[in-house]
Amino acid sequence: MKTKFFLLALPLALGLSTREADASMYPPSYPTCGIVDSVETGPFEILRNSVDLYDAHALLTVAYRGYLRDMYPDNEINIYVQLNGNDAFLPASAGTNDDAYVVLDSGPRNCVWCSNGGYGGSSVCDGLTFPPYSSGQWVCGDMTPTEADLFYWAFNQNGAQNAWDIQVAAESHGNWDSNWGWNYAARLEPRLTCSY
């Protein structure tokens with residue numbers, strides 16, 4: 001029993017999760033939907049990429065194109081994001097669309113296939129054991145604690161999307177672009193299907 005507990009704890013300690021192989025062999029991060037909803041508010045564009053409607057997996061991108069970018073490099077801008085009441089203050093990256101942005105992911109990422117017999121090709125596969133007759137399993141990265149907190153109210157108990165009420169602001173070196181302290185607000189309605 002101790003061995004089984006250790007093997008289950010190992011991926012969790014590494015921030016990884018293991019998943020049994022499905023017949024399709026697609027990784028758990030494979031997009032089954034991929035529809036992008038977007039809304040603009042002030043100098044922000046907010047995009048929700050619905051990766052999987054039935055497994056609480058979406059990407060949230062907040063792109064900032066405001067005046068702080070004229071004063072500071074994109075990597076010195078921080079973006080405040082509030083999603084359904086939970087919030088985070090995140091460092092931005094320089095985008096390719098003339099913006100500073102952050103991306104948050106509510107699902108598995110960087111999935112690696114670990115085959116039974118030690119042919120995984122990645123150190124995350126070292127030490128895994130497999131059930132009898134298993135060909136292997138996926139090992140994936142999980143949400144960061146910040147992402148887990150931010151997405152806490154984004155989905156219902158069945159993994160379907162709730163409406164997303166979002167507030168955003170940008171900061172750099174003590175200067176804010178925050179709609180005069182009220183934050184910029186937007187709403188994305190729940191996506192129930194993978195069609196427009």
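The values are calculated or read from the model by the stated rules, or taken from the named source; none is laboratory data. Note that the structure is a prediction, hence the values are computed from the model and not measured. All Cβ positions, glycine included, derive from the backbone under ideal geometry; neighbour counts span all protein chains shown. Accessible surface areas use protein heavy atoms only, side chains included; no ligands, DNA or RNA. Shrake-Rupley method; radii C 1.70, N 1.55, O 1.52, S 1.80 Å.
Things worth noting here:
- Residues in segment 151-162 that are open to solvent by 20 Å² or more (accessible area, probe 1.4 Å) and either within 17 Å of Gln82 (Cβ to Cβ) or touching a Cys at 6+ places or on another chain (Cβ under 7 Å) (or both): Tyr152, Trp153, Phe155, Asn162.
- Any hit, segment 35-54, residues being open to solvent by less than 60 Å² (accessible area, probe 1.4 Å), in contact with a Cys (Cβ under 6 Å, 6 or more places away or on another chain), assigned by the TED database to the domain that holds Trp180 and assigned to a loop (DSSP other than H, G, I, E, B): yes
Condition check ((1) in the same structural domain as Val168 (by the TED database); (2) open to solvent by 60 Å² or more (accessible area, probe 1.4 Å); (3) at pLDDT below 90) across all residues:
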position	(1), (2), (3)
Asn97	yes, yes, no
Tyr101	yes, yes, no
Cys114	no, no, yes
Gly117	no, no, yes
Gly120	no, no, yes
Cys125	no, no, yes
Leu128	no, no, yes
Ser135	no, yes, yes
Ala148	yes, no, no
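Quick grid of which residues meet (1) among the basic types (Lys, Arg); (2) in a strand (DSSP E or B); (3) touching a Cys at 6+ places or on another chain (Cβ under 8 Å):
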{"position": "Asp98", "(1), (2), (3)": "no, no, no"}
{"position": "Tyr101", "(1), (2), (3)": "no, yes, no"}
{"position": "Asn110", "(1), (2), (3)": "no, yes, yes"}
{"position": "Cys114", "(1), (2), (3)": "no, yes, yes"}
{"position": "Thr129", "(1), (2), (3)": "no, no, no"}
{"position": "Pro132", "(1), (2), (3)": "no, no, no"}
{"position": "Gln137", "(1), (2), (3)": "no, yes, yes"}
{"position": "Asp149", "(1), (2), (3)": "no, no, no"}
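- In segment 163-185, the residues that are open to solvent by 70 Å² or more (accessible area, probe 1.4 Å) and in contact with a Gly (Cβ under 7 Å, 6 or more places away or on another chain): none
- Checking each residue in segment 79-95 for being surrounded by fewer than 21 Cβ atoms within 10 Å (Cβ to Cβ) and part of a strand (DSSP E or B) picks out Tyr80, Gln82, Asn86, Asp87, Ala88, Phe89, Leu90, Pro91, Ser93, Ala94.
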